[in-house]
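The values are calculated or read from the model by the stated rules, or taken from the named source; none is laboratory data. Not measured: the values here are computed from a predicted model. Please note: Cβ atoms are built from the backbone with ideal geometry, for glycine as well, and neighbour counts cover all protein chains shown.
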Amino acid sequence: MNKIIDLINDLKNDKKLIISLTIVFFAGFIFGTIFENTLLQLQQTITDILLAKTQDYNIIELFGFILYNNLRMAFITILLGITIVLPFIILAFNGFIAGAIVKQKALESTNYVFLYLLPHGIFEIPAIIIASYLGVKLGLSIKKDFKQRAAKTAKQFTYIVLPLLLIAAIIETLLIALN
């Protein structure tokens, strides 16, 4: 419980960074809704590859696949935090993709957005923003107290990001299985 309180205190103390990261995500999201056709072919190719790869998965394998990919992305975002700028770029790109998907699906059916995308997005988006925050904080600590920050980041990842992505993966898996 102290780890959660520590992160909440960190977030309170770094409001400007959290707000900046959130703005970057939602700016990407807005651009994604405006320019969704820009990456439509890439998105379709990725979707086709993922569907082909997961079509024979049972629900447990699908859950593992979703969780692994989300955790891998969050972990990479944190590691790339040493550059300070790359988490912002990753966040903007994730926002862009999310915006493009929401726009495309909303044109097909608004129910899809509310029934399938929103329920797991409520957990996944904060997890991505927090992972980006942890990466930037790690990058900013390179010159001083890096080891302490790295240990704190690992704990915060374990106690905050991991559970959020776990919940998101459970919801996403169930929604895919029901669809």
Check region 68-81 and report whether any residue there is on the phi < 0 side of the Ramachandran plot, assigned to a loop (DSSP other than H, G, I, E, B) and of a type in the set (A, V, I, L, M, F, W, C).
no
What is the residue count in region 120-173 for residues that are out of contact with any helix residue (DSSP H, G or I) (no Cβ under 8 Å at 6 or more places or on another chain) and in contact (Cβ under 8 Å) with a residue 60 or more places away in the chain?
0
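Out of ILE23, ILE5, report the one residue that is under 17 Å from the mean Cα position of the chain (by Cα) and either loosely packed, with under 13 Cβ neighbours inside 10 Å or at pLDDT 95 or above (or both). Steps first, please.
Details: ILE5 fails: under 17 Å from the mean Cα position of the chain (by Cα).
Going through ILE23, ILE5 in turn, just one is under 17 Å from the mean Cα position of the chain (by Cα) and either loosely packed, with under 13 Cβ neighbours inside 10 Å or at pLDDT 95 or above (or both): ILE23.
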Using the structure shown, decide if LEU62 is part of a helix (DSSP H, G or I), touching a residue at least 12 places away in the same chain (Cβ under 8 Å) and within 17 Å of the chain's Cα centre (by Cα).
no
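Give the residue that is surrounded by the fewest Cβ atoms within 10 Å (Cβ to Cβ), with candidates limited to residues of region 102-144 that are of a type in the set (D, E, K, R) and over 17 Å from LEU91 (Cβ atoms).
Of the residues in region 102-144, the ones of a type in the set (D, E, K, R) are 103, 105, 108, 124, 137, 143-144.
Of the ones still in play, those that are also over 17 Å from LEU91 (Cβ atoms) are 103, 105, 108, 143-144.
Working: LYS103: 17, LYS105: 15, GLU108: 9, LYS143: 6, LYS144: 8.
For region 102-144, the residue satisfying everything is LYS143.
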Filtering region 99-144 down to residues that are at pLDDT 85 or above and polar (S, T, N, Q), which residue is farthest from VAL161 (Cα to Cα)?
SER141
With the structure loaded, tell me whether PHE26 is touching a helix residue (DSSP H, G or I) at 6+ places or on another chain (Cβ under 9 Å), closer than 17 Å to LYS103 by Cα, of a type outside the set (Asp, Glu) and in contact (Cβ under 8 Å) with a residue 60 or more places away in the chain or whether it fails that test.
yes
Identify, by number, the condition in (1) in contact with a Gly (Cβ under 8 Å, 6 or more places away or on another chain); (2) not in a helix (DSSP H, G or I) that ILE97 doesn't meet.
(2)
